[in-house]
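Input: a single structure, listed below in structure tokens.
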Amino acid sequence: MTAFQRLWRTRFGRLTLVMGAAALALLAFSGLTSAQVALPEAVSEQGDSIRTLYFIVFAIGVIVFIIVEAMILWVVFRYKRKSDDELPTQIGHNTTAEILWTGIPTVIVVILFFVSFFVLQDIQAAADPDEEVTIVDVQGRQWAWAFNYAVPLGTELAESMSADLAETEIHLEDPSLVVPFMTLKMGVEHMRVVARTGDVVTVERAVNGTVAIRHSAGSEIMRVFNGTDTVAEGRLQAADNTPIVTVPVGQMIRFNIASADVLHAFYTPQFLTKLDAVPGRVQTLWVRITDTGDFQSQCAEFCGRDHARMIYTVRALSMAEYDAWFEDKAGDAPEPVEGDFGGEEEVEMEEGAIGNPANGQNLFFSLGCNVCHGDSGEGLVGPTIAMTVVPLDRVIQQYREPLEAMTEFTPDQVSDEEIADIYAWLQSVERPHPADEIPSKLAELIEAGG
């Protein structure tokens with residue numbers, strides 16, 4: 001007699017087989033086997049570690065579940081329909097049993113603690129000091145993503161800076177390398193150039209969701225460029241243009257994740273981890289991707305009305321393809337600009353001498369400037385341009401020969417006079433203070449903490 005036949009001959013055995021078959025059928029027909037129970041295939045070394053940890057915890061849980069359920073079923077059927085005379089002997093105390101039901105769970109918890117601890121230490125570990133790293137600065141904002149990269153500018157900080165957000169004047173060894181509309185990077189902090197007088201560069205600090213930090217003299221200055229590509233793939237209704245973050249395979253990647261307004265979360269299912277984008281902080285996620293391809297990703301923290309549209313794609317390329325993409329995206333370094341630019345005095349001279357703000361507002365929207373710069377020039381994927389202090393001629397030059405990722409506009413698309421109208425309207429729009437971009441309560445807490 002086979003084991004199946006022996007099992008089928010008992011009522012308990014038949015019940016067990018029927019319930020097991022029903023459970024398997026339910027899983028198969030509902031799609032839970034692939035959609036809910038199984039994790040996505042990992043495409044990173046860190047994801048592989050998390051996946052292994054998951055199955056260790058899952059296996060232990062399954063074993064405990066089977067043992068407990070088997071004991072419950074055994075008691076139910078063993079003492080079913082028994083008279084009072086056949087009840088099991090009541091035991092008030094059993095040292096061996098108490099040691100077992102206390103000791104076994106304790107051992108399991110200790111094992112899981114140490115396994116989880118070492119896995120988490122491994123996946124959160126930074127790259128080795130001498131290892132080359134790809135750095136991507138991630139900015140989350142209601143409701144879009146921007147991905148910035150940086151290359152050396154070729155100069156260093158001549159004098160130290162404090163973490164005071166009000167300190168906006170910096171001294172560089174070669175300030176001529178700084179041009180209007182350029183975004184600088186020191187450490188994790190982004191600074192946007194707004195004016196230069198002599199060798200003093202005036203910047204707006206802590207832009208792109210970053211925070212103001214201290215910088216010592218001799219700190220390397222980086223030039224930031226927007227590396228956000230898009231693809232019109234229609235993954236979601238009214239979200240046809242999905243942002244793409246491009247990264248290499250095989251090299252450690254450091255994602256510096258920041259938020260310009262509320263909580264967001266940077267989440268790629270194939271990484272098997274997510275990290276929140278927190279206003280007023282810059283968080284770091286380390287990943288080494290193992291497979292090429294496009295991986296659909298999304299914000300995993302409810303952030304408001306259009307949260308569901310806040311999607312993006314991670315595009316992993318071979319190292320050679322990534323290097324070619326990076327070189328093309330970074331472009332050539334801007335030509336040094338001699339002389340001063342920007343400043344309140346020049347703005348005052350421009351005011352009253354330029355076009356029609358009402359027409360400028362209409363052009364701002366009809367040309368699609370608001371898609372990148374926000375409806376009031378407050379900044380979105382592109383920089384803040386409300387109340388810009390850059391002179392009109394530089395603004396016109398930016399339209400004709402744009403830096404970073406801005407679209408080029410020919411005179412046939414928008415004339416110099418129409419750009420002057422847009423400039424006039426932007427001068428009438430209030431420029432947001434960096435602290436205004438953080439929820440008011442959080443801003444109060446930051447201010448109270450000094």
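Within the range 407-422, the set of residues being in a loop (DSSP other than H, G, I, E, B) and small (Gly, Ala, Ser) comprises Ser415 only.
Counting only residues that are of a type in the set (Phe, Trp, Tyr) and part of a strand (DSSP E or B), how many does the range 112-150 have? Total meeting the criteria: 3. Of all residues in the range 79-95, those satisfying the criterion of being open to solvent by 90 Å² or more (accessible area, probe 1.4 Å) and at pLDDT 75 or above are Ile91, His93.
Residue-wise test of (1) more than 21 Å from the chain's Cα centre (by Cα); (2) closer than 24 Å to Phe225 by Cα; (3) modelled with pLDDT of 90 or more.
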site: Phe302; (1), (2), (3): no, no, yes
site: Glu335; (1), (2), (3): yes, yes, no
site: Met349; (1), (2), (3): yes, no, no
site: Ala353; (1), (2), (3): yes, no, no
site: Ser376; (1), (2), (3): yes, yes, no
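A search for C-beta distances below 6 Å between a residue of the range 205-226 that is over 20 Å from Thr284 (Cα atoms) and any residue that is of a type in the set (D, E, K, R) and exposed (fewer than 15 other Cβ atoms within 10 Å of the Cβ), counting only pairs 6+ apart in sequence or on different chains, returns Ala217/Glu159. Residues being under 12 Å from the mean Cα position of the chain (by Cα), buried (at least 22 other Cβ atoms within 10 Å of the Cβ) and over 22 Å from Thr52 (Cβ atoms) are represented in the range 263-274 by at least one member.
If a residue counts only when it is modelled with pLDDT of 95 or more, which strands (runs of 3 or more DSSP E) contained entirely in the range 222-264 have at least 1 such residues?
Numbers: elements: 229-236, 239-248, 252-259.
It comes to 239-248, 252-259.
Kindly check whether there is at least one residue in the range 430-445 that is in a loop (DSSP other than H, G, I, E, B), modelled with pLDDT of 60 or more and over 32 Å from the mean Cα position of the chain (by Cα). No; the residues of the range 430-445 include none that is in a loop (DSSP other than H, G, I, E, B), modelled with pLDDT of 60 or more and over 32 Å from the mean Cα position of the chain (by Cα).
Selection of the range 178-199 for residues being open to solvent by 10 Å² or more (accessible area, probe 1.4 Å) and either in the same structural domain as Arg394 (by TED's automatic domain parsing) or modelled with pLDDT of 90 or more (or both) yields Lys185, Gly187, Val188. For residues that are open to solvent by 20 Å² or more (accessible area, probe 1.4 Å) and over 11 Å from the mean Cα position of the chain (by Cα), tally how many sit in the range 131-149. Number satisfying all stated conditions: 6.
Taking the conditions exactly as written (more than 30 Å from Asp276 (Cβ to Cβ), outside any loop (DSSP other than H, G, I, E, B), in contact with a strand residue (DSSP E or B) (Cβ under 9 Å, 6 or more places away or on another chain) and not polar (S, T, N, Q)), does Gly154 satisfy them or not? Quick ask: steps written out before the conclusion?
Working: more than 30 Å from Asp276 (Cβ to Cβ): yes; outside any loop (DSSP other than H, G, I, E, B): yes; in contact with a strand residue (DSSP E or B) (Cβ under 9 Å, 6 or more places away or on another chain): yes; not polar (S, T, N, Q): yes.
So Gly154 fits the description; yes.
Restricting the range 296-325 to residues that are in contact with a Ser or Thr (Cβ under 8 Å, 6 or more places away or on another chain) and not in a strand (DSSP E or B), which is farthest from Gly198 (Cα to Cα)? Result: Ser318.
The values are calculated or read from the model by the stated rules, or taken from the named source; none is laboratory data. Everything quoted here is computed from the prediction, not taken from an experiment. We place every Cβ from the backbone using ideal geometry, glycine too, and count neighbours over all the protein chains shown. Surface areas here come from the heavy atoms of the whole protein model, side chains and all, with no ligands, DNA or RNA. Shrake-Rupley method; radii C 1.70, N 1.55, O 1.52, S 1.80 Å.
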